[in-house]
Amino acid sequence: MQFGFLLEQVVNGLVLGGYYLLIALGLSLIFSVGGIVNLAHGAFYALGAYVSVEITKYLGFGSAIVLSPIAVALLGILFERFILRRFYDADPILSLLVTFGLAMVTEQAIRIIWGAPPISAAIPQSFRGSVFLGDFLFSRYRLLILAVVAAVLLGVWLLLHKTSFGRVVRAGIQRPDMVAALGIRLQPYMTAIVMLGVGMAALGGAFFAPITIVHPAMGAEIITVAFVVVVIGGLGSFWGVVLAAMLVGVVRGITIHFAPAAGEASIYVLMFLVLMVRPRGLLGERIEKFE
Amino acid sequence: MTRYSRRTLLKAGAAFAGASAIGSPAILRAQAARIKIGHLVPLTGFLGAIGSYAQLGVKMAAEEINASGGIMGKQIDLMSEDSVNPATASTKAQRMIEQDGAVLLFGEISSASSLTIMQVAERNKKVFFSTGARSDALRGKDCNRYSFHCDIPNTVMVNAVGTALNQKGMVKGKKFVTLTADYIFGHDLLKAAKAFFSANDATLIGDELIATDVTDFSPYLLKVRQAKPDVVCCNLAGNQVTNLVKQYAEFGFPYPLVGFNLNTGDAWAMGEGNLSGTWPTVWYHTLDNPASKAFVEAFSKKYGKPPENHAWIEYITLKMIAQAITDTKSTESDALIAYFEKQTQFDIMKSRKGYFRSWDHQLVQEAYPFTVKPKGEMKDKWDMLVLGEAVPAAGAELEAIYPTKTQNPCNMKA
């Protein structure tokens with residue numbers, strides 16, 4: 001019986017990991033390609049949630065899940081063109097400051113537009129409740145999230161590994177100078193990566209709006225976990241982030257099973273241990289420009 | 001890239017310091033004829049959502065008082081800030097008294113922050129009205145002469161909901177699992193809940209302590225199912241309650257969810273069809289009495305939404321303070337404490353008047369259990385709750401639901 005309960009926590013942790021992944025993968029890509037630590041990433045997650053709640057009112061939940069990430073990704077173009085682009089070659093502290101500032105500006109903008117009190121959102125009736133497999137229990141809604149995350153993951157992997165777009169991006173991570181020498185401008189690629197990254201964060205926000213509180217500071221709450229995932233996974237590695245997200249979800253679940261009060265601390269302990277053994281993260285590659 | 005030299009930074013720093021040194025005395029002079037009141041409430045963190053309602057209530061009260069000529073002809077200068085966390089709350093409280101010249105302080109929702117402000121108030125011999133903190137300990141073992149408590153304490157919330165649950169046969173012989181906020185408030189509430197369970201033949205088969213910043217409750221919910229309780233009981237606070245209720249509805253467990261703490265703002269944020277069960281509240285905008293109706297109408301007109309219970313409590317508190325200063329013609333702590341210790345009665349928009357109990361400074365007032373309105377009967381999205389009969393029942397002594405002198409270890413130093 002005890003084992004069954006534990007397995008349930010592991011599976012639930014994997015699902016939760018999938019949700020962390022939506023936010024962390026974009027963060028990792030933007031850092032790997034552009035060298036920018038995007039502290040505003042959480043703000044796009046929050047925007048994704050708010051925009052999806054608005055769209056749900058008029059067009060329903062299905063449309064909101066599709067349209068909200070697209071809307072936020074379009075915003076990502078402006079973000080990249082007018083802000084990030086100026087900081088690729090600058091001291092990293094400057095991009096840190098500008099994205100931190102942007103996170104605050106976005107949070108306040110949300111406060112001005114939607115008000116400081118949280119807004120309400122609910123799961124569509126058809127996705128409520130749990131599915132039982134024997135004694136095993138899954139939240140129906142989280143299964144939906146898991147399916148979508150898996151599809152997105154596959155899509156991003158194919159994009160990065162099976163297309164010419166992906167080849168340029170991966171080359172750009174390792175040797176931007178060589179890519180430039182071959183006459184390829186990395187900037188349009190960077191725009192696309194930022195769109196993809198913030199779009200995924202917005203998708204995470206849209207999916208979590210019905211099951212967590214939607215309030216202006218929600219972006220700041222998620223960004224820390226996302227960073228922990230990126231740090232554990234290691235930079236430049238697609239599978240590193242995937243592995244780390246799952247690991248964080250599972251470790252948190254198991255810790256809560258045995259010692260509930262230590263649940264939130266466990267992921268930081270995990271990060272500490274990983275960094276002790278592998279300072280570059282689990283599957284992190286050596287990236288010359290960051291050394 | 002540009003690097004600023006140390007010299008430039010130094011100059012900028014000096015200019016900034018200089019400007020603030022020249023600027024502040026002018027401000028002090030201009031406001032000498034005003035009554036300065038410090039207000040702290042969490043605007044960020046897990047209580048920030050309900051704190052934002054509190055700030056709307058207090059602003060409206062201050063504007064009304066000032067528009068009608070102020071207190072004894074002096075305008076109120078309300079300094080309202082984000083209390084952030086217990087350490088910052090204490091620092092800001094100290095600064096408001098020492099540097100900004102606040103004659104008294106009020107506000108706060110977090111019991112942990114309220115406790116630190118209470119200590120500042122006592123040290124500086126200034127009155128502090130703790131408006132939204134509910135921990136029993138604040139008006140019990142940690143009580144002090146300078147602190148007054150407006151919200152209902154945990155024991156009263158447990159009694160209010162417990163009475164209603166008992167009537168439905170949901171307590172005697174039942175197995176409970178509780179989810180508890182891991183800070184002073186939650187610990188305190190769990191203690192009150194345990195006392196209630198053991199007095200009513202219920203068993204507590206599991207308790208989960210949950211950090212205040214948790215947003216995903218799924219691992220805890222799995223544990224709840226493993227325990228197979230008869231009733232699940234929520235002892236959480238602020239955003240935690242909203243998150244739990246949303247995710248409880250997501251998993252769709254068959255065990256009824258009830259709770260000993262809920263603020264209307266958290267309920268409004270939950271989304272359609274998510275909330276069920278029996279919960280306590282201290283005030284709701286559908287209460288049927290003239291003062292309450294007038295307040296709800298004015299507030300809704302100003303802000304486009306009805307007041308939440310924290311908006312109400314900040315509003316009545318500032319009005320009580322204004323009345324006390326007017327009646328005593330003083331902002332001195334001793335005069336104000338004596339005035340409230342006379343158990344002066346106040347109209348607090350309920351059918352029975354309230355008063356601060358002289359020996360523990362608790363605002364004695366009615367409380368209400370509530371259940372959730374079926375969707376078809378809601379007039380608007382704010383009209384979510386069906387209030388039960390006020391507790392204590394009409395005719396009973398108002399203090400009946402509050403801890404007695406023997407139960408409450410409050411011992412104030414003179």
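Observations on the structure shown:
- Note on region A:1-136: percent of Cα-Cα distances in each 5 Å bin, starting at 0 and stopping at the bin with the largest distance, equals 2, 8, 14, 17, 16, 14, 11, 8, 6, 3, 1, 0.
- Efficiency of FRET from Cβ geometry, A:Phe272 and A:Ala181, R₀ 41 Å, rounded to 0.05: 0.55
- Dipole-positive endmost among B:Asn261, B:Gly271, B:Ala291 within region B:261-414 (Cβ charges, Cα centre): B:Ala291
- Helical content of chain A, expressed as a calculated mean residue ellipticity at 222 nm, amounts to -25000 deg cm²/dmol (DSSP H runs of 4 or more residues, -39,500 (n - 2.57) each, divided by residue number, nearest 500).
- Converting phi to 3J(HN,Hα) with the Karplus coefficients 6.51, -1.76 and 1.60 and the offset θ = phi - 60°, region B:62-74 yields 5, 4, 5, 5, 5, 5, 9, x, x, 9, 6, x, 9 Hz in sequence order, with x at every glycine or proline.
- Counting every pair of alpha carbons in region B:251-303, the share spaced more than 12 Å apart comes to 73 percent.
- Alpha-carbon centroids, region A:2-56 and region B:218-284: separation in whole Å: 24
- Rounded to the nearest Hz, the phi-derived 3J(HN,Hα) couplings of region B:318-324 under the Karplus curve 6.51 cos²θ - 1.76 cosθ + 1.60 (θ = phi - 60°) are 5, 5, 5, 4, 4, 5, 5, where x marks glycine and proline.
- Residues with amide H under 5 Å from that of B:Arg357, placed H, sequence gap 5 or more: B:Gln362, B:Leu363, B:Val364
- Rounded if a/c under 1.5, otherwise prolate or oblate - region B:289-414, Cα gyration tensor axes: oblate
- Theoretical ellipticity at 222 nm over chain B - DSSP helices of four or more residues, -39500 (n - 2.57) apiece, nearest 500: -13500 deg cm²/dmol
- As a length-normalised measure over Cα pairs under 8 Å and 6 or more apart, the relative contact order of chain A settles at 37 percent.
- Projecting the Cα positions of B:Ile71, A:Val10, B:Gln167 onto the charge dipole of the protein assembly as shown (unit charges on Cβ atoms of Lys, Arg, Asp and Glu, taken about the Cα centre) puts A:Val10 furthest along the positive direction.
- Shown in residue order for region B:48-58 are the 3J(HN,Hα) couplings computed by the Karplus curve 6.51 cos²θ - 1.76 cosθ + 1.60 at θ = phi - 60°: x, 4, 6, x, 5, 5, 4, 5, 4, x, 6 Hz (x for Gly and Pro).
- Interchain or long-range residues, amide H under 5 Å from B:Val386's placed H: B:Thr371, B:Val372, B:Lys373
- When A:Glu264, B:Glu341 are arranged by Cβ crowding within 10 Å, least crowded first, meaning fewest neighbours, the order is B:Glu341, A:Glu264.
- Size of electric dipole in region B:178-244: Cβ of Lys, Arg +1 and of Asp, Glu -1, about Cα centre, debye, nearest 20: 160
- Around B:Pro280: net Lys/Arg minus Asp/Glu count, Cβ-Cβ under 12 Å: -1
- Cα centroid separation, region B:127-199 to region B:65-94 (Å): 28
- Kirkwood Rh, Cα atoms: Rg over Rh of chain B: 1.00
- Cross-link pairs beyond the 32 Å C-alpha cut-off, checked among B:Lys353/B:Lys413; B:Lys59/B:Lys126; B:Lys191/B:Lys228; B:Lys191/B:Lys379; B:Lys246/B:Lys305; B:Lys329/B:Lys353: B:Lys191/B:Lys379
- Free-standing Cys, the protein assembly as shown [no other Cys Cβ under 4.7 Å]: B:Cys150, B:Cys233, B:Cys234
- Given chain A, longest segment not containing exposed loop trypsin sites (Lys or Arg not before Pro) (DSSP; at most 16 other Cβ within 10 Å): A:1-184
- Computed FRET value (nearest 0.05) for B:Lys353 with B:Leu204, which takes r as the C-beta separation and R₀ as 41 Å: 0.65
- Diffusion of region B:60-100 by Stokes-Einstein, at 4 °C in a medium of 1.567 mPa s and with Rh set to the Kirkwood radius over alpha-carbon pairs, works out to 110 µm²/s.
- Taking every C-alpha pair closer than 8 Å and separated by at least 6 residues, the mean separation divided by the residue count of region B:166-261 gives a relative contact order of 35 percent.
- GNM remark for chain A: springs join alpha carbons under 10 Å apart, and the peak mean-square fluctuation among A:Leu273, A:Leu153, A:Leu96 falls on A:Leu273.
- B:Tyr183, B:Tyr402 arranged by Cβ crowding within 10 Å, fewest neighbours leading: B:Tyr183, B:Tyr402
- For the pair B:Ser276 and B:Lys175, the difference between a 0.36 nm per residue extended length and the Cα-Cα distance amounts to 34.5 nm.
- Rh by Kirkwood over Cα pairs, then Stokes-Einstein D for chain A at 0.890 mPa s and 25 °C, µm²/s: 125
- Note on region B:256-349: with charges restricted to the Cβ of Lys and Arg (+1) and Asp and Glu (-1), its dipole about the Cα centre is near 260 debye.
- Cleavage-rule hits, trypsin sites (Lys or Arg not before Pro), region B:299-364, DSSP coil, Cβ neighbours within 10 Å at most 16: B:Lys329, B:Lys342, B:Arg352, B:Lys353
- Dipole magnitude for chain B: computed about the Cα centre from +1 point charges on Lys and Arg Cβ and -1 point charges on Asp and Glu Cβ, it is near 820 debye.
- Cα-based Kirkwood hydrodynamic radius, region B:156-268, one decimal, Å: 13.9
- Lys/Arg +1, Asp/Glu -1 at C-beta; the protein assembly as shown dipole; positive extreme among A:Val37, A:Ser126, A:Tyr189: A:Tyr189
- Cα gyration tensor shape of region B:194-250, rounded if a/c is under 1.5, else prolate or oblate by comparing a/b with b/c: prolate
- Relative contact order for region B:180-325, counting Cα pairs under 8 Å that sit 6 or more residues apart, in percent: 18
- Size descriptors for the protein assembly as shown (Cα atoms only): Rg and Dmax, in that order, 27.2, 89 Å.
No value in this document is a laboratory result; all are computed from the given coordinates. Everything numeric here is computed off the predicted structure, so don't read it as measured data. Backbone-built Cβ (ideal geometry, glycine too); neighbour counts: all protein chains shown.
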